[in-house]
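In what follows, a structure is listed as structure tokens, so that the remarks can point back to it.
The values are calculated or read from the model by the stated rules, or taken from the named source; none is laboratory data. Quick caveat, the model's predicted, so the values are computed rather than measured. In this analysis, Cβ positions are derived from the backbone assuming ideal geometry, glycine residues included, and neighbour counts consider all displayed protein chains. Ligands, DNA and RNA are stripped out before the accessible areas are found, and what is left, the full protein with its side chains, is counted by its heavy atoms. Shrake-Rupley method; radii C 1.70, N 1.55, O 1.52, S 1.80 Å.
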Amino acid sequence: EQVDETYIMGKPDGVQRGLVGEIISRFEKKGFKLTGLKLFQCPQDLAEEHYKDLKGKSFFPKLIEYIVSGPVVCMAWEGVGVVAAARKLIGATNPLQAEPGTIRGDLAVQTGRNVVHGSDSPENGKREIALWFKEGELCQWTPAQAPWLRE
Ligand code: DAT
Ligand code: MG
């Protein structure tokens, strides 16, 4: 099976609210592999590049202001089906519509403060990891639990 990678980011509200450990924990417990992790103050141009498909939306300026308003936690996660599974773990964009049990469903109340980002396709996973991480910041390793997660 195809191993994919996804870019997950704890947004500034997630960091300010002390939810970083909780966010990491959800993906860790599920059984995906962490390959990159850093606390990072995002510059304006990177935020705009990351969300370039939303440029022109009425909420775009506020979205960028929010993303650069404090440190974010950048993560790269790897695994079979990780992109779609991560979107399910994160829940719907509007936290009031997100199912209980999801990160947004459990921990957030507003679209503009929805705690976490996750790539929406394997292609965007690769694009976003390349955008947010430099070479040398990612680790390739074999988790000891690998044979207990997949037969
Ligand atoms: P997602 O983060 O679930 O992939 P998206 O890619 O459509 O959602 O939008 C990116 C972010 O932009 C989203 O997490 C919050 C913000 N956003 C999206 N739609 C919005 C809206 N209608 N009003 C305000 N903010 C919005
Ligand atoms: Mg999106």
> In percent, how large is the relative contact order of region 27-91, given Cα pairs closer than 8 Å and 6 or more residues apart?
Replying inline: 53
>> What figure, in Å² to the nearest 10, do you get for the accessible area of Thr142 with a 1.4 Å probe and non-protein molecules left out?
In response: 120
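Taking only complete DSSP H runs, can you tell me which helices of the chain stretch 20 Å or more along their own long axis by Cα positions and average at least 0.0 on the Kyte-Doolittle scale? Write out the running numbers ahead of the final one.
On the way: long enough: none.
Passing helices, by number: none.
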>> Ordering Trp148, Trp132 by accessible area with a probe of 1.4 Å, largest first, what comes out?
In response: Trp148, Trp132
> region 48-125 to region 13-33: how many Å between their Cα centroids?
Replying inline: 13
>> Between Leu39 and Asp120, what is 0.36 nm times their sequence separation minus the Cα-Cα distance? Round to one decimal in nm.
In response: 27.0 nm
>> Please report the accessible area of Arg127 (heavy atoms, 1.4 Å probe, ligands and nucleic acids excluded) in Å², nearest 10.
In response: 60
> Given 10 °C and 1.306 mPa s, how large is the Stokes-Einstein diffusion coefficient of the chain in µm²/s, with Rh as the Kirkwood radius over Cα pairs?
Replying inline: 101
>> At 1.4 Å probe size, with the rest of the protein present, what percent of the exposed accessible area of region 36-87 is carbon and sulfur atoms?
In response: 57
> When only C-alpha pairs under 8 Å and at least 6 residues apart count, what is the relative contact order of region 88-151, in percent?
Replying inline: 19
>> Need one number: convex hull volume per residue for region 16-99, Cα atoms only, in Å³.
In response: 124
> Rolling a 1.4 angstrom probe over the protein heavy atoms, how many square angstrom per residue are accessible across the chain?
Replying inline: 56
> Taking a label point 7 Å from the Cα of Asp53 along the Cα→Cβ vector, which residues of region 120-144 have an amide N closer than 17 Å to it?
Replying inline: 120-132
